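The values are calculated or read from the model by the stated rules, or taken from the named source; none is laboratory data. These numbers were taken from a predicted model, which means no experiment stands behind them. Cβ: placed from backbone, ideal geometry, glycine included. Neighbour counts: every protein chain shown.
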Amino acid sequence: MINYLLTEEQEMIRDLCRQITDEKIRPVAAELDKTEEFPWEIMKVMAKSDLFGLYIDEKYGGMGGGILELSIATEEFSKGCGGIAICYAASALGTLPILILGSEEQKQKYIPDLAAGKHLAAFGITEPAAGSDASAMQTTAVKKGDKYILNGTKHFITNGGEAEIYTVVAMTDKSKGSRGASIFIVEKGTPGFTFGKKEDKLGIRASATNELNFVDCEIPAENLLGKEGQGFIGAMRVFDKSRPGIGAQAVGIAQGALDHAIRYARERKQFGKSISSFQGIQFMLADMATQVEAARALVYASAREVDSGVTKNYGMHSAMSKLYASDVAMKVTTDAVQIFGGYGYMKEYPVEKYMRDAKITQIYEGTNQIQRSIIALGLIKEAAGS
Amino acid sequence: MNIIVCIKQVPDTTQVKIDPKTNTLIREGVESIINPFDMYAIEEGVRLKEKFGGKVIAITMGPPQAEAALREAISLGCDDGILVSDRAFAGSDTLATSYTLAMAVKKIETFDIIICGKQASDGDTAQVGPGIAAHLNIPQVTYVKHIKEADEEAITVERMTEEGSEILRSPLPCLITVVKEINEPRIPSLKGKMKAKKAELTCWKAIDIDCDDERLGLNGSPTQVVRIFTPPPRAQGEILEGDPQETTSKLVEMLKDSIQ
């Protein structure tokens, strides 16, 4: 790995996350992939190790770092299991709307428990008919006195059912289209808020993906984040910050598969030699490693830009990091299966899981096609001088 | 409750190689870790502190680089670390080591329990823990796998024996050595690691502890290492075949022969 000149504290985070990955995640990754059991034990270890607060201000009980610290942790966990890693990272995604749009009272009320990992969070935007086109959202929030009444269904919600705190996007004024959406904090157990089916997925199977159902769900009006109508712009700001985390998940998955491929290539003998002595395999490994390193460099650079607070238009760069890293993850994990040959296709060996886990990184938090739109729009805006 | 945990820095045994000529450890390039059994001692000490309050002090005798072991102990929840280090300690066997550590422990004003790992993974003697208790003239319980009860006066523990286990009660202060069945050591917290990095460790030399120079280091070590060798792999056993009557008589004959 290139020396990214990380601080001592960032190196410490990496070491700690690597230890958790080696001692806690790797031994159970295959089993949880099979059983789809939510990794609560591991979430507790991460919580006790102060890792849920990495990107949160110290005044709310966090460690005072940023998206780079979150990315380093997510990358390390993903080397062991992309599914377990996303349970961790999705809680950050659910927390970011409160950090970005929340009032001081809302932050004081919700952030300390999230920073301590006592509660997990989840972000609810996707609906059956509103994926890339979030403006097609049907979930509504109608103000009634000092309450909002929520009605509608969110689906494909990571950490759904397991999280305690949900940040949910709903239409407060449908006539205004995308300017009529708002984000609310909804606590698990609120009457009228239930969970639907848990999805049976191709990959990241240790994570929970669930439906959220709202039927006349009353929440206090003070649970509105920011102002009415800030829902879409708020969600975009959340994704601008969260995308390097998905990039980091992709880098971790790719690196994990590459590590297995290198080890296997050295051990596997064919034609009387280890297959790592064949140039065909060597060139594959060289390309894989180069791509992973390029992806990592882009993810770290964009995470640093997000954290620096210097530039405003970091969204297109964080889109690049997610786009590139996830495409690399898909390619590298596919090549890792190829290097394992027939064994790679078998569940008895670890690499097919990396390939299954990699696929989602090209789809969620905005498909890679949407990422390209964001990047292109950014380019055109820049050229237009706005 | 004040607890002292004695730890040792050892080469990581998963990486260790033996020099076939000298039969000694090749230490170059091998990472140092806390003796694995001592990790259980640290965890048990920290758990006792979490339950009863008080302090956990980690103590180690070793070269200056053993400081890293103390910092790791602090990252895992110990409050302080004491490094007992002096050229005069070089060449200590288990007698001199346990004497030196006992004298250092005496300098720590009050303590209720001393916890050691059952043995170190490099020497495998299991003598230093009991030695410390003997030098301090306090009760000791070895191979503890569970602390059943503890209060300010006494401790009730279950210790492993070859046949099973025993439940013993000892007044405090006492020394226990622990086996790996006792707990599952935690993973450090980030705050713990940061605290450990900044922690100011105490370093005691021979003159800082009230000890008899003749009992330190090589002078105080009656152990003579005559020869170190890698034992030959166990030879294959002999299998007696035939009907039980026949093989039993043959076995009895063979046993008789081997005694003579």
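Among what's in segment B:206-222 and is part of a helix (DSSP H, G or I) and not hydrophobic (A, V, I, L, M, F, W, C), pick the residue that is farthest from the other protein chains (Cβ to nearest Cβ).
So, considering only residues that are part of a helix (DSSP H, G or I) and not hydrophobic (A, V, I, L, M, F, W, C), the one farthest from the other protein chains (Cβ to nearest Cβ) is B:GLU214.
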Can you name the condition, by its number, that B:ALA66 falls short on among (1) under 21 Å from B:GLU181 (Cβ atoms); (2) out of contact with any helix residue (DSSP H, G or I) (no Cβ under 9 Å at 6 or more places or on another chain)? (1)
Among strands (runs of 3 or more DSSP E) entirely inside segment A:118-209, those with 3 or more residues being crowded, with 17+ Cβ neighbours inside 10 Å are A:121-124, A:147-158, A:165-171, A:181-187
Number of the exception - B:ALA90 against (1) under 16 Å from the mean Cα position of the chain (by Cα); (2) closer than 19 Å to B:ALA206 by Cβ; (3) touching a residue at least 60 places away in the same chain (Cβ under 8 Å): (1)
Here are A:TYR110, A:TYR60: which of them is hydroxyl-bearing (Ser, Thr, Tyr), touching a Leu at 6+ places or on another chain (Cβ under 9 Å) and in contact (Cβ under 8 Å) with a residue 24 or more places away in the chain? A:TYR60
It is to be established whether one or more residues within segment B:231-243 are among the hydrophobic types (A, V, I, L, M, F, W, C), surrounded by 10 or more Cβ atoms within 10 Å (Cβ to Cβ) and under 23 Å from the mean Cα position of the chain (by Cα). no
If the requirement is being within 11 Å of chain B (Cβ to nearest Cβ) and within 20 Å of A:GLY256 (Cβ to Cβ), which of these qualifies: A:MET12, A:MET46? A:MET46
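Please determine, by comparing only the residues of segment B:113-169 that are acidic (Asp, Glu) and at pLDDT below 95, which one is surrounded by the most Cβ atoms within 10 Å (Cβ to Cβ).
Across segment B:113-169, the extreme among qualifying residues is B:ASP122.
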Kindly indicate which of A:ARG266, A:ARG296 is touching a residue at least 24 places away in the same chain (Cβ under 8 Å) and not aromatic (Phe, Trp, Tyr). A:ARG296
Can you pull out the residues in segment B:171-205 that are in contact with a Ser or Thr (Cβ under 8 Å, 6 or more places away or on another chain) and either without any contact (Cβ under 8 Å) to a residue 40 or more places away in the chain or away from every other protein chain (no Cβ under 14 Å) (or both)? B:ILE176, B:THR177, B:ILE187, B:LEU190, B:CYS203, B:TRP204, B:LYS205
Can you spot a residue in segment A:177-185 that is within 13 Å of A:ILE157 (Cβ to Cβ) and assigned by TED's automatic domain parsing to the domain that holds A:LYS144? no
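Residues being of a type in the set (S, T, N, Q) and surrounded by 21 or more Cβ atoms within 10 Å (Cβ to Cβ): count how many of those fall in segment A:292-324. Let's see the steps before the verdict.
Within segment A:292-324, the first condition is being of a type in the set (S, T, N, Q), and the residues that meet it are A:302, A:308, A:311, A:313, A:318, A:321.
If we keep only those that are surrounded by 21 or more Cβ atoms within 10 Å (Cβ to Cβ) too, we end up with A:302, A:318, A:321.
Number satisfying all stated conditions: 3.
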